[in-house]
Amino acid sequence: MTQETTLERQATAAPDVPAIELKGISKAFGPVQANKDISIRVMPGTIHGIIGENGAGKSTLMSILYGFYKADKGEIWINGSKKEIPDSQAAIAAGIGMVFQHFKLVENFTVLENIILGAEDGRLLKPSLAKARRTLLELAEDYGLNVEPDALVQDIGVGMQQRVEILKALYRQADILILDEPTGVLTPAEADQLFRILGRLRSEGKTIILITHKLREIMEITDTVSVMRRGEMTATVRTQDTSPQELAELMVGRKVLLRVDKKPATPGDVVLDIKNLKVVDEKGVERLRGIDLQVRAGEVLGIAGVAGNGQSELLEVLGGYADGTGEVRLNGQSLDLTGRHSDGQSRRARGIAHVPEDRQREGLIMDYQAWENTAFGYHHDPEYRAGVLMNNAAIRNDTAEKMERFDVRPPNPKLAAKNFSGGNQQKIVLAREIERNPDLLLVGQPTRGVDIGAIEFIHQQIVALRDQGKAILLVSVELEEILALSDRIAVMFDGRVMGERLPEDTDEKELGLLMAGITDTNAPHSVAEVEANLAHAGGDPHKEV
Amino acid sequence: MDVMPKWAEVILVPLISLLLAAIISALVILAIGEDPIAAVKLMITGALGSTYGWGYTLYYATNFMFTGLAVAIAFHARLFNIGGEGQAMLGGLGVALACLYIPWPHWSLALVGATAMAALFGAIWAAIPAWLQAKRGSHIVITTIMFNFIAAALLNYVLVNLLRPKGQMDPATARFPEATQLPTLHDLLAPLGIEFSKAAPANVSLLVAAAACVGLWVLIWRTRLGYEIRAYGHSESAAKYAGISPVKITMVAMIISGALAGMMAINNVMGEAERLVLNSTEGAGFIGIAVALMGRSHPLGVFIAAILFGFLYQGGAELALWTSIPRELIVVIQALVILFTGALDNMVRMPLEKMFLAVRRARAPKPERKPVEPAE
Amino acid sequence: MDYLTLIQLLDSTVRLATPLLLACLAGLFSERAGIFDIGLEGKMLAAAFFSAAIAALSGSVWLGLLAGIGASLALSALHGLASITFRGNQLISGVAINFLAAGMTVLIAQGWFKQGGRTPSLMGGARFEGITLPGAEAIADVPFIGPLYAELISGHSILVYMALAAVPLSWWILYRTRFGLRLRAVGENPASVDTAGISVVGLRYAAVGICGILCGIAGAYLSTALQAGFVKDMSAGRGFIALAALIFAKWRPWHALWATLLFGLFGALETRPDVIEAVIGMKVQGQLLGALPYLMTVIILAGFVGKAIPPRAGGEPYVKER
Amino acid sequence: EPALIFDLGGKFDKSFNEAAHNGAQRWQEETGLNYREIELQSEAQREQALRRFAEAGSNPIITMGFAMADPLSSVAADYPDTNFVAIDVTWLENPNIRQIGFAEHEGSYLVGMLAAMASKSGTVGFIGGMDIPLIRHFGCGYAQGAKAVNADATVIANMTGTTPAAWNDPVKGSELTKAQISQGADVVYAAAGGTGVGVLQTAADENILSIGVDSNQNHLHPGKVLTSMLKRVDVAVYDALAAGDDLETGVFTLGLAEEGVGYALDDNNGPLITDEMKAAVDEARQKIIDGEIEVTSYYANDSCPALDF
Ligand SMILES: Nc1ncnc2c1ncn2[C@@H]1O[C@H](COP(=O)(O)OP(=O)(O)OP(=O)(O)O)[C@@H](O)[C@H]1O
Ligand SMILES: Nc1ncnc2c1ncn2[C@@H]1O[C@H](COP(=O)(O)OP(=O)(O)OP(=O)(O)O)[C@@H](O)[C@H]1O
Ligand SMILES: [Mg+2]
Ligand SMILES: [Mg+2]
């Protein structure tokens, strides 16, 4: 852009001046080129969607706009004037607010303290807190964003935490709001409400950038949408001119199957039989309040629910690393829920494999190489053993084969796990667990942070295992995934099973109400009711979602 | 993807850091009115210029290998064992008891017995803080510090009131019997026709220490236990998922750590002093922390770092012998070495990484772009 | 044990607790901001030397105090450079600082005073004297209250009262001011502070700086108030005890006061085997007496404190971009 | 060129290493000759320093402290032509060592008497450094002296600690002094190296009397230090250096008779020591020399008749 046109733009602060204009942004993290020469314009009063595979550079780009990272090259223009945004303070001053993918909240602070942090009015806290409390009330009224100001962040659910993040931005009077994957942690009802709020903000003239993986949301709410791939901006289109299929192809660069292809299930004997399972956490809070479930051979039981309603504890107790009470039988024989035979290795010996919810915190040792991770949890297996030593050669050969079969890229057993992309990390875990040929596979969030292409592959593997007659317990917060993969769906809320449904007999709306703890799914329900219910279901703050 | 080639990470960075430490040390020497070049020469000839110097350098290095390995194995389980000092003191007690009260027929048997006792005593002294950490959540850093003080009091009691021969002024045990005297490097190398100084205290314990380095390497990188220890150290949550018991790993890692620290006593107590004196450890437990950190917790790194610190000690002793440089200067030099190689290493690494990255970018132009015009 | 003995024991407790309290609060600010500091010991030692040295040279204890704070701040800056700017290992940096202070103080002392690493004895205005609080002499003979006020409360050096005042002040700063809110936040989740547009580095340096100032006062107290000069290694492990007290106090100011008073009491009891004998009815063996404070620490940590959860971001450098 | 090997405390330990340093300095000033010296840093350096100096031709080689006995016995045998001087060692067999022991208990006995006579409360204190037999040996003589003057005298004894840090903790020395004062002590005797600095300081601040050790510390707080128990290491070292090649080897115990130990009397403490006190102490001194009074050594039985540690 030439000097002249720049001046021209500044002169005419007309509605056709973009609220945000990024020009030629580039950013490298060491050897990784996260953003390459990206330009983008967003008009005021619109919602602009950004989609792209994980690691495509979406968060990086937005973090640059928010002053969290500094771009190596490029310019930022806000409302027609060029801005230097060296830090977030400058971004806030320019009217930009951002809700990060991983919330930036101080967990043992109250909601109010989190809101004023960095936006205090003076050296003393008291007046700031009082003012924030008043403002919060107003905002709650205006947008229906209710929060409990004096609750500790670690005690409220993730949905509520996100609300705090949005309030933080509004409290700072942001005109431009960036939301990075906001709906990953919400129930459909909560997501709907969020979109209503976004709609209100748009109608007030605020500009919104929405990053999401869910094509449905893009189609539903955005005005324009950009697609990113491998650090580059590959396309920007008007939403009404495109289709989900086209967007998916733009993202991955090839045709993708958006539906899972699977034959009807042929369930066999009961493999897993859970009766009155209870779990109490370290703080003495009852996380599972008596669960009864059965999983049969050759079927996928999907567990739906908002994060933090006991699904994690269910997987942990079945996986052997949390204690519980009640009765759990595997192929008719009872499992030790506490004590000596309640650990990951005993479970594996009994034929339970487990793809954990958080591959980086649990499923993998990020500093271990791929081959070491392939033995993780199975390192006592005879085939990996040479006396007291580990048979590293055998493990490496085995890893190479598995990587080949699961199309892990690059297929290099000596690369550290942290150097694989998210999707490939997940494939390593999956290969390790599925190839064991377990009787029961526990799977938590199998496709979280995985791009569309890899999702397709992972879903196929799970279905294939089912078709071999294995029992599969699937936990996911993605309703779409639950609906697509499960042969039976149980919904969990606040440590209980609210009900079971068959996928063909239910829909997202009904499941969404169950997830909010409302069993009478036919009566009309207000958002407030859903919300009130969810507020009581404690979110687990220690899990990053 | 690593930015720097491995050789740069393991050789270049420590080397430059050491150089910086040396430069600052030289400035300090200059400031107290001595000649740094002469001082360095004196240190090098004194520590490495003769088999005699080597004998002392290796003697000190042996101590640091044991304590360095002790800290290193605990680090692998992400445990910070500051208690090497106390564990080594207790190890000394074990050695003294073994040597004084068991009539050993030959030094080799005595060595085995004393090593076992040293390891046992050191292990016990580490196991208590480990247990408190695993079961009671007591911070291991604090408990191991406290256990250093308690060990000192205990040793004082034992030496003054129990093991000291009647009427002896020295709060020390009697001299160990002849049969427990360990062969020095002179004795060991003589059959091979190698002339090694008779006076230097380096002894067969050096071989034990070297074997411990190899053994620990095997343990950490080749056994299932080592695999579990490292896994736990990298990620406790993942370890739990895999069925690795935090309590077990904490206990086992600390017991091995304490045993290694205790084993230092076969070198200083059995090999050198041939009796147990108060304060026989002389801070080797703390030097072990620096050694482990500099050696990046790798047994080979610990081996090399221990020799570096042995060099500093012996070189420092030579300085003290032949110049009027106060001994505190040696402490300052150690501090600078620890500071630059341990805490300020990123000061060296960051610019180096930038350099390597720039070199790499220059070498590999982006494939999808046209080759850069050679004009500019 | 009679009342007067108790007063004297508590008096001794206060004196012994004061350096611990100052160092403990120093550690509290640093660690609350996410920077672990096992270099408290070294900073205290350096401050003890420089305050005594400058007081001896200038004849003014206040100049000495400033010098002590300055020395401690310099080491804090080094710690900050290593652990904040260069994201180094905070523990190693602390270890190095301890060694550095131990060596440097004696080297410089020898260079300046040629008294074998000591400073000359401080006299008159080069020393902090005890302050007699108003009315102390008047009511000294009143039963009960008299000794309590005249012996225990009155008569300490100004630094003791400063240390005691530092407790509510620290609490107020941490929990009632903007700075405190941000400081605590940066130790829990530096990214939250960063995204709020506040400099993580700046806050952490500020915290480390406060730590330096408090350590400086602690060191000056040792050499210019409790003692009349510097002797090598005179901090004698108090920095480590202060760290233990900090964990014990779970990183809270008022608890820090109680914890350090408890350690002070252990120290005071160690000097009074006669009192212990009177209380428990038997003679405590000498070495056991010496080990008592450490044993008690372990027992209390294991038995009563439970798991002390440090600030969540403690010990980890804030790395935004790998 | 002679050599001097200081013990781990270092040459400025305010105690006997420093006394040796002073003796050597005096010799150097008087003769203009040089000597080598080293401050040991570790146990292993004991033997190393001995050998290095012996090989370099130093003669005589003077060592400080009982801990040198062990390495000395083997090194001295290897260098029969070199003379060694061992301070605080009296039990070696080697012919080429001049072994010098001091009767610290006798000197301590005298200052104990002075303490008891100066005390108004009848309670006197003893503060030791690290708890080792040598320090108990000091305390034991002191207690016997005090009890000799006043059989009802109370002697309070405290040790500073069990690690070498106990030699350099003046803060704790202060607290111990105050604790003893609150138990009624009005004279305290410090045998605690650098810790003693704190003891003497606090005694002066609190207006009671203190007793220094090893060298004459009366000048530290004139009028506040009752006396100092002298251990003439400086003389022993000076004599050994002065003797040069004519050094006489063998075992020498320097007690009161040899003026190897004693108490300090100078302008600083003159007013504190009355004529009766002086007379009594001098009489006792003579009696000890004559064998009429026997001061029991702690080493004799590893216990003390007058004090329970
Ligand atoms: N912190 C890092 N340090 C070094 N290299 C990294 C780092 N993070 C990612 N990479 C490299 O960048 C590449 C891209 O990683 P990223 O996680 O963004 O992949 P992705 O595009 O999301 O792939 P997937 O769709 O499989 O998740 C990886 O192959 C990895 O080698
Ligand atoms: N702080 C960082 N340090 C180093 N590399 C980083 C950092 N943040 C991101 N990267 C790398 O930059 C690339 C782009 O990451 P970014 O987080 O922007 O992707 P994204 O499109 O937001 O992905 P996702 O869908 O997972 O949120 C990835 O390869 C990632 O590994
Ligand atoms: Mg992102
Ligand atoms: Mg990814």
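No lab work stands behind these numbers, since they all come straight from the coordinates. On a predicted model such as this, the values are computed, not experimentally measured, just so you know. Here the Cβ positions follow ideal geometry from the backbone for every residue, glycine too, while neighbour counts run over all protein chains shown.
Numerical summary
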quantity	calculated
Cα-projected label distance for residue A:505 with residue A:292, points at 7 Å along beta-carbon direction, nm	1.7
Cysteines, the protein assembly as shown, no other Cys beta-carbon under 4.7 Å	B:99, B:213, C:24, C:211, C:215
Whichever aspartates and glutamates have a C-alpha closer than 16 Å to that of residue A:168, once near sequence neighbours (fewer than 8 apart) are set aside	A:107, A:113, A:120, A:121, A:138, A:141, A:142, A:148, A:150, A:180, C:194
FRET efficiency estimate (nearest 0.05) - Cβ-Cβ, residue D:266 to residue D:303, R0 35 angstrom	0.50
Residue order, fewest to most beta carbons within 10 Å, for D:189, D:298	D:298, D:189
Antiparallel bridge percentage (DSSP; both residues within the protein assembly as shown; nearest 5)	40
Fraction of alpha-carbon pairs over 47 Å apart in chain A - percent	14
Cα Rg, Dmax (largest Cα-Cα span) when computed across region D:109-214, Å	12.1, 35
The protein assembly as shown, helix-only ellipticity at 222 nm - DSSP H runs n ≥ 4, -39,500 (n - 2.57), divided by all residues, nearest 500	-15500 deg cm²/dmol
Relative frequency of Cα-Cα separations exceeding 28 Å in chain C, percent	43
Charge dipole magnitude, Cβ of K and R +1, D and E -1 - region B:35-323, Cα centre, debye nearest 20	900
Inter-label distance, nm, simple model (7 Å from Cα along the C-beta direction), residue D:90/residue B:166	1.8
For region B:35-323: lysine pairs under 26 Å (alpha-carbon distance), excluding those fewer than 8 apart on one chain	4
Longest to shortest principal axis, alpha-carbon extents of region D:157-228, angstrom	33, 28, 17
Helix axis angle, C:40-58 relative to chain C longest principal axis, alpha carbon, degrees	70
Links that overshoot a 31 Å alpha carbon limit, given the list A:206/C:320; A:278/A:402; A:58/A:418; C:232/C:307	A:278/A:402; C:232/C:307
Distance between region C:1-44 and region D:89-164 - C-alpha centres, whole angstrom	34
Alpha-carbon Rg/Rh ratio, for region A:162-229, with Rh computed the Kirkwood way	0.93
Order of A:348, C:252, A:405 under a 10 Å beta carbon neighbour criterion, fewest first	A:405, C:252, A:348
DSSP beta bridges in region D:144-291 [antiparallel fraction, %, rounded to 5]	25
Neighbouring partner chain Cβ atoms per residue of C:105-114, average, 10 Å criterion	3
Protection proxy ranking, peptides C:149-162, C:59-72, average beta carbon neighbours within 10 Å, highest first	C:59-72, C:149-162
Part-to-part distance (alpha-carbon centres) for region A:258-299 and region B:136-168, which is given in Å	55
Estimated dipole of the protein assembly as shown in Debye, rounded to 20 [Cβ of Lys and Arg +1, of Asp and Glu -1, Cα centre]	3740
On Cα atoms only, tilt of C:61-80 relative to the major axis of chain C in degrees	40
Under 10 Å, Cβ to Cβ, from residue A:94 - net charge with Lys/Arg +1 and Asp/Glu -1	-1
Cα-Cα separations in region A:111-193 greater than 14 Å, expressed as whole percent	63
Dipole moment magnitude, nearest 20 debye, region D:178-309 about Cα centre, only Lys, Arg, Asp, Glu C-beta charged	540
Whole-percent pair-distance distribution, where bins are 10 Å wide, for the alpha carbons of region C:169-209	34, 56, 10
Ascending count of other beta-carbon atoms within 10 Å, so fewest first, for A:368, D:263, D:142	A:368, D:263, D:142
D (Stokes-Einstein, µm²/s), Kirkwood Cα radius, chain D, 0.692 mPa s at 37 °C	168
Efficiency of FRET between residue A:237 and residue B:361 - r from beta-carbon atoms, R0 35 angstrom, step 0.05	0.60
Summed side-chain charge close to residue C:308 - residues other than residue C:308 whose Cβ falls under 12 Å, Lys, Arg +1, Asp, Glu -1	+3
Two-decimal log10 I(q)/I(0) for region B:35-323, as the Debye equation yields it once each C-alpha is a single scatterer, q = 0.11, 0.17 Å⁻¹	-0.63, -1.32
Cα-projected label distance for residue D:219 with residue B:236, points at 7 Å along beta-carbon direction, nm	6.0
Of the DSSP H helices in chain B, those whose Cα atoms cover at least 18 Å axially and whose Kyte score averages 0.5 or more	B:13-31, B:51-76, B:84-101, B:107-131, B:140-157, B:205-222, B:246-265, B:299-322
Per-pair calculated FRET efficiency, R0 = 56 Å: residue D:121 and residue B:178 via Cβ, rounded to 0.05	0.50
Column: log10 I(q)/I(0), Debye, Cα scatterers of the protein assembly as shown, q = 0.04, 0.05, 0.07, 0.09 Å⁻¹	-0.32, -0.49, -0.89, -1.28
Geometric extent, Cα atoms of region A:270-537 - Rg, Dmax (angstrom)	18.8, 66
Cut-off 11 Å between beta-carbons: net charge of the residues surrounding residue A:248, Lys and Arg +1, Asp and Glu -1	-3
Cα extents of region A:106-150 along the three principal axes, largest first (Å)	30, 22, 15
Chain C: angle of helix C:3-32 to the longest principal axis, Cα-based, in degrees nearest 10	10
Distance between region D:247-272 and region A:154-207 - C-alpha centres, whole angstrom	89
Sorted largest first, extent of region B:32-168 alpha carbons per principal axis (Å)	53, 42, 31
Pairwise Cα inverse-distance average, inverted: Kirkwood Rh of region B:148-300 (Å)	18.3
Added length on full extension, which subtracts the Cα-Cα distance from 0.36 nm per residue, residue A:404 to residue A:41	126.5 nm
